[in-house]
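Written out below as structure tokens is the structure these notes cover.
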Amino acid sequence: MSEYRSVPVADPAQDRRGAPTQPGSRMARRAAAAATPPPPPDDRPSRSHRGGGGGQGKMRVLAWISIGVTSVMVAGSLTAYTVYRDAFGNITQKSVKEDIINPRPPDTGALNVLLVGSDTRAGEGNAKYGQQLARTADAGGKRTDTIILMHISPNRDKARLISFPRDSMVQIPRCKNETTKQEMAPHRDMINAAYNTGGIACTMSTIETLTGIRINHFVEVDFSGFKNIVDALGGIEICLKSGVNDKASKLVLPPGKSLLNGEKALGYVRLRKYGDGSDIQRIKRQQIFLSKVVAKATSSDLMTDVGKLRDFIAAAAGSVTMDPDLANDTERLIEIAMSAKQLTAKGVQFTTVPWVPDPENPEARVVWKEPDATKLFTSVKTDTEVAVPAPSASASAKPKETVKPQQVKVQVLNGTKTVGKAKEVADQLAEQGFNVVGVGNYEAADGQSVAKSEIHYAKTIDTAPDYADTLAGAVLPKPAPAAGKVPATNAQAYVPATAAAGTAPKSGPVIQLVVGEDFESVKVTELPDSVKQSTITASQQTNVCT
């Protein structure tokens, strides 16, 4: 993986702490946006996705760790929202709903927050991190080096941070220009170009259009925000196998343990010339650092120290920009905080969208690897499980049998007029571990397509409903299983699309799935190897000093 080149954009929140209008008001933010001059063209050279290298240009990476910390910035709300209400009131708010002009995906009950790292040079402490050209006319401009989707499952028991390579060539949908509000035509460009001209609204719309995932909220943080949060936590301890003496980042660290303040932490997460110099190693360092930030931000030491907690909340609140729905929703802030605390122990997953070099520009751009990327997005979209109350106890109640997908034999029948639909759905089920034994068609009595998918099982087999329930739980929308099988036409054995499909168990009933017009997807729980290889959890991150 390589370091990605940023693109200049205007900074609508430049004067968010110094606007003449009421601080934090929508009018003040819009006035600041209108006063911001357009940025100069990005004339920096392209970078190869195959090499390392240093130089001033490569010091621009904020590193996605700097926005990951915003997912825990509300941890203080667990115990002290009322006490520190004024500090939370310092969160800069920006409403973008009216600027999203494309159809939006449905809300599945999950919590999806778009995290954007801005390398704005506006404000004290930021200017020295940009290139020379950025220290003059466009000192107020901002770019995004980082785009991450934080996904927390509907049950709030799983989390995944998905990083989108910023040099990804994608189709950007129609968007409003952030400054002029004029509509821009769809076009192919780098994914961070959406932020360049359309701001966070266009970035949200681009991600939603490409992935089909509904984005509920957004959070932005900049260089100074990252440093302030680390300093408010009293620094973060790291441990190095070998020392660092990097002139480009002006960072000198000895082997062994070091306590990094905000300034050194920023240099560390942006460090390139260390170890083997690869992007993979750098990303892993960032992930380890992020896990330490999460652990410290949700620790009992912070929660029980009134002074430190106050400083942390003030630093976090003053360092980020959010949509009003999130900034003003106390319950949602607490929900995120509690999830962050619980998931610290369980392990948050860090994933990068699988990619390959762009055939049109293999040295400087990438495209997403398919179908692997789509399967990753589908796993997020289909993460819709919610808690189901246990059935009431009964003396005559028969214990429910736990059935795994590998135990379920399935016959898939096409109830629509779409040719090949049964094979398509059968392949999806097989990829998720179900044992598909046959495909065919189902013709309704009226000759029309079946409106809603159906699941049928044999009336004579006592355990059949348990097998049917497992299949139903993997299909969206979820069908209600019914007793009594239906006649199939053109029935034939299923030929697996890949060798990964398993062998059907010798015993167990065959469950029928009749695919209806409402069929959306099979839930993705088994991800491709490319996604697994790019995923790391906190429990897998080791300290070289132990």
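We did not get these values from a lab; they are worked out from the coordinates using the rules stated. No experiment lies behind these values; they were computed from the predicted model shown. Reconstructed Cβ throughout: ideal geometry from the backbone, glycine too, with neighbour counts over all protein chains shown.
Pairs exceeding a 31 Å alpha-carbon distance, out of 158/409; 176/273; 176/381; 241/532; 381/409; 97/250: 176/273; 97/250.
Enclosing the Cα atoms of the range 189-240 in their convex hull gives a volume equal to 151 cubic angstrom per residue.
When 1/r is averaged over all different Cα pairs and the result inverted, which Kirkwood radius in Å belongs to the range 142-251? Write down the numbers at each step before the final one.
Values: mean 1/r = 0.0600 Å⁻¹.
Final number for the Kirkwood radius of the range 142-251 is 16.7 Å.
For a protection proxy built on the mean count of beta-carbon atoms within 10 angstrom, sort 161-170, 251-260, 512-521 highest first, please. Write out the running numbers ahead of the final one.
Values: 161-170: 22.8, 251-260: 15.2, 512-521: 20.9.
For the peptides 161-170, 251-260, 512-521, the packing ranking is 161-170, 512-521, 251-260.
Simple spin-label estimate for residue 462 and residue 261 gives 7.2 nm between the two label positions (7 Å along the Cα-to-Cβ direction from each Cα).
What share of Cα pairs, in percent, lie more than 20 angstrom apart in the range 177-302?
Values: 4569 of 7875 pairs.
Across the range 177-302, Cα pairs with separations above 20 Å total 58 percent.
A simple spin-label model places pseudo-atoms 7 Å from Cα toward Cβ; at residue 518 and residue 370 they are separated by 2.9 nm. For the pair residue 295 and residue 247, label points projected 7 Å from Cα toward Cβ lie 3.6 nm apart. Within the shell defined by Cβ-Cβ distances under 13 Å, the residues around residue 175 carry a net charge of -3, with Lys and Arg each +1 and Asp and Glu each -1. Expressed as a fraction of 2.2 N^0.38 Å, the C-alpha radius of gyration for the range 214-256 is 1.67. Taking amide H positions as modeled 1.01 Å from N, with prolines and chain starts lacking one, the residues under 5 Å from residue 92 and 5 or more places away or on another chain are 320, 322.
Considering only Cα atoms, the convex hull volume of the range 413-483 works out to 99 Å³ per residue.
Tally Lys/Arg at +1 and Asp/Glu at -1 over every other residue whose Cβ is under 14 Å from the Cβ of residue 377; what's the total? Once all neighbours under 14 Å are counted, the net charge is +1. Once you list every other residue whose beta carbon is under 13 Å from the beta carbon of residue 452, what net charge do they have if Lys and Arg are +1 and Asp and Glu are -1? With Lys, Arg at +1 and Asp, Glu at -1, the net is -3.
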